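Here's the structure we're looking at; comments come further down.
The values are calculated or read from the model by the stated rules, or taken from the named source; none is laboratory data. Given the structure is predicted, the values throughout are model-derived calculations rather than measurements. Virtual Cβ from ideal backbone geometry, glycine too; neighbours counted across all protein chains shown.
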Amino acid sequence: MVDEEIFVDELQYINQYTGDLRQMRGQSRDQYLNDMVRQRAVERTLMNLIQACIDLAQHIRATEDL
């Protein structure tokens, strides 16, 4: 059975990272390409978002014996 607390925590992380990415929108392509700090922030946030999705999927897979 899926642990509801872990499930909710991972969904909250996913929501947080998605919200962070939304806040980083609004620059032109040229502005973004010239802002290395923003590029790294976006990259790291995407990495965290992907990892949270993987963690959630692994938890479901493990608890459901898939």
Number of the exception - Leu56 against (1) of a type in the set (A, V, I, L, M); (2) in a helix (DSSP H, G or I); (3) in contact (Cβ under 8 Å) with a residue 60 or more places away in the chain: (3)
Filter result (touching a residue at least 24 places away in the same chain (Cβ under 8 Å) and among the β-branched types (Val, Ile, Thr)) within the range 17-38: Thr18
Boolean, Asp65 is outside any helix (DSSP H, G or I) and of a type in the set (Asp, Glu): yes
Filtered residue count, the range 31-66, keeping only those that are among the hydroxyl-bearing types (Ser, Thr, Tyr) and either under 9 Å from the mean Cα position of the chain (by Cα) or farther than 16 Å from Val8 by Cα (or both): 2
Hits in the range 11-28 (condition: of a type in the set (D, E, K, R) and at pLDDT below 95): Arg25
Residue that is nearest to the chain's Cα centre (by Cα) [pool: residues in the range 1-30 that are assigned to a helix (DSSP H, G or I) and among the aliphatic types (A, V, I, L, M)]: Ile14
So Ile50, is it out of contact with any strand residue (DSSP E or B) (no Cβ under 9 Å at 6 or more places or on another chain), touching a residue at least 40 places away in the same chain (Cβ under 8 Å) and surrounded by 11 or more Cβ atoms within 10 Å (Cβ to Cβ): no
